[in-house]
Amino acid sequence: MFIQLGDALLHCVVEGPASAPPLLLLHSIGTTQSIWAPQAAVLARHFRVIRPDLRGHGLSEVTPGDYSMASLAQDALGLLDVLGVAQAHIAGVSLGGRIAQQIAAEAPERVLSLLLIDTALDFPTKPTWNSRMEAVAREGTIALADAVMPRWTVNPSLPSSLGLRRMLLRTDRVGYNGAAAALRDAEAVDVVGRIQAPCTILIGERDVVVPQAATDALRSAIPGAALATIPGGGHIPNYEFAEGLVEAMSGHFTRLQTS
């Protein structure tokens with residue numbers, strides 16, 4: 001479906017029983033809601049799964065200028081409003097995980113629980129992001145593809161990894177840079193001490209993007225957060241380690257039921 005939210009027309013896939021607990025899935029920079037398809041196929045049996053294309057990505061509208069974590073969080077909350085969802089479980093990978101943190105900090109009453117996957121409180125360094133954004137502005141996302149894919153995936157030659165590369169190449173340069181600005185400008189201080197939702201942090205065993213220190217800082221910032229590893233997983237495990245991610249996500253919901 002398509003939903004008009006202010007200045008942007010956003011695309012969203014909704015599946016699962018209308019009466020089931022809502023589960024919002026937020027994707028990473030340079031990809032689309034499609035990366036969640038393997039998980040949604042399982043989770044939609046028990047949840048109302050909501051998969052938006054973030055602003056500037058997939059079939060959602062590309063709007064000019066820098067995006068921010070606050071504005072992307074407001075997009076997600078506005079989408080939930082239109083869908084009539086008062087509260088939701090929220091899972092996000094990389095950028096999506098940081099947006100999920102922002103939502104939990106700014107609108108805690110809307111969050112049933114958090115699943116933060118291969119993400120962090122902030123994403124240094126600003127000069128690195130500025131350099132990437134300049135390259136993308138000149139050449140498009142092809143400027144990043146060769147360097148990014150070994151960081152996103154464990155085996156870049158797999159069909160699923162080649163699919164992620166295609167998603168990146170199809171991402172509009174303005175949309176990519178808008179989201180990159182949100183990552184560049186994200187500050188830990190904006191969320192530290194403000195997140196109270198039940199939370200599980202999932203980290204790919206072979207994620208080379210998020211260092212251990214960043215994972216430790218994230219866990220320390222969220223009271224009671226659990227930590228689990230996706231065996232063998234890289235930075236974006238949704239396709240390459242689909243079953244392991246589903247298992248880890250299911251473990252989060254099992255813990256909620258038994259706690």
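Every number here is computed from the coordinates shown, using simple stated rules; none is lab data. Keep in mind that what you see is a predicted model, and the values were worked out from it rather than measured. Counting neighbours? That spans all protein chains shown, and the Cβs are built from the backbone with ideal geometry, glycine included.
The table that follows gives values for the structure above.
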quantity	calculated
Residues located in the stretch 127-170, provided they are touching an Asp or Glu at 6+ places or on another chain (Cβ under 8 Å) and farther than 16 Å from S28 by Cβ	N155, L158
Top-ranked residue in the stretch 1-19 [being part of a strand (DSSP E or B) and in contact (Cβ under 8 Å) with a residue 60 or more places away in the chain; ranked as surrounded by the most Cβ atoms within 10 Å (Cβ to Cβ)]	L10
Filter result (more than 14 Å from G97 (Cβ to Cβ) and surrounded by 15 or more Cβ atoms within 10 Å (Cβ to Cβ)) within the stretch 234-250	G234, Y239, E240, F241, A242, G244, V246
Per-region count, the stretch 202-229, residues touching a residue at least 40 places away in the same chain (Cβ under 8 Å), closer than 23 Å to S161 by Cα and not acidic (D, E)	7
Those residues of the stretch 162-220 which are surrounded by 21 or more Cβ atoms within 10 Å (Cβ to Cβ), farther than 18 Å from G233 by Cβ and among the β-branched types (V, I, T), in sequence order	T171, V191, I195
Filter result for V209 (of a type in the set (V, I, T), more than 18 Å from the chain's Cα centre (by Cα) and within 27 Å of L59 (Cα to Cα))	no
Scan of the stretch 162-194 for residues that are assigned to a loop (DSSP other than H, G, I, E, B), within 17 Å of the chain's Cα centre (by Cα) and more than 18 Å from V148 (Cα to Cα), ordered by number	A186, E187, V191
